[in-house]
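Before any comments, here is the structure.
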Amino acid sequence: MSWIRTYTGKHFDYRNVRHEDICIEDIANALSNICRFAGHLPEFYSVAQHSVLASRLVRPEFALEALLHDAAEAYCQDIPSPLKALLPDYQIIEEYVDSAIRNKFELPAAASSCVKYADLVMLATERQELELDDGTPWPILEGIPPTDLFPINPLRPGQAYALFMARFEELTGVTCNA
């Protein structure tokens, strides 16, 4: 078996990803229940909330891409970057899923540089605000300042789901079955 059953009851097949099996409600639900930093935080903070905040850091024409920049994690899970670098087969699967999601939502085939930068700004902000800074340098964040545009107040999964869906609707004009 190469598929999982999603929140909305779809069968998402890792070997044959079809547009009709990619569903924004599934993405929002999964990301709202996945904790950033493999759960190594003083309190729960979701990938969904991270994505919404990243979408607020970019120009409007890049906001949907930023909102969905981690959407593949809804199907592949959030794996910390140092571990992901050790898993080349996983990376191939994640890239395939990401490509299918980008295609479905008519996003650029490759991540835009401003979205990558916004993701790093969020990482720097999360490091600062979520009590992750123990003084150890994070080379990936060299020269990347945290944002002061908003505080990070971690939400419960249901709240993060609603926030993600509202942002998607705001950006696309598509009303969903939230």
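The values are calculated or read from the model by the stated rules, or taken from the named source; none is laboratory data. Keep in mind that what you see is a predicted model, and the values were worked out from it rather than measured. Cβ sites come from the backbone with ideal geometry, for glycine too, and all protein chains shown count toward neighbours.
One residue is enough: does segment 8-26 have a residue meeting the conditions touching a Ser or Thr at 6+ places or on another chain (Cβ under 7 Å) and among the hydrophobic types (A, V, I, L, M, F, W, C)? Yes: segment 8-26 contains one or more residues that are touching a Ser or Thr at 6+ places or on another chain (Cβ under 7 Å) and among the hydrophobic types (A, V, I, L, M, F, W, C). Out of TYR117, TYR96, TYR90, TYR75, one residue alone is at pLDDT 95 or above, hydroxyl-bearing (Ser, Thr, Tyr) and in contact with a helix residue (DSSP H, G or I) (Cβ under 7 Å, 6 or more places away or on another chain). It is TYR75.
Considering every residue within segment 121-143, establish whether at least one is out of contact with any Pro (no Cβ under 9 Å at 6 or more places or on another chain), assigned to a loop (DSSP other than H, G, I, E, B), surrounded by fewer than 11 Cβ atoms within 10 Å (Cβ to Cβ) and among the acidic types (Asp, Glu). Scanning segment 121-143 turns up at least one residue that is out of contact with any Pro (no Cβ under 9 Å at 6 or more places or on another chain), assigned to a loop (DSSP other than H, G, I, E, B), surrounded by fewer than 11 Cβ atoms within 10 Å (Cβ to Cβ) and among the acidic types (Asp, Glu).
Listed by first and then second residue, the pairs with beta-carbon distance under 7 Å, at least 6 apart or on different chains, first residue in segment 118-137 and under 16 Å from SER46 (Cβ atoms), second surrounded by 16 or more Cβ atoms within 10 Å (Cβ to Cβ) and among the β-branched types (Val, Ile, Thr), are THR125/THR147; THR125/ILE152; GLU126/ILE152; GLU129/ILE152; LEU130/ILE152. Looking only at residues in segment 1-17 that are surrounded by fewer than 18 Cβ atoms within 10 Å (Cβ to Cβ) and touching a residue at least 24 places away in the same chain (Cβ under 8 Å), the one that is farthest from LEU163 (Cα to Cα) is TYR14.
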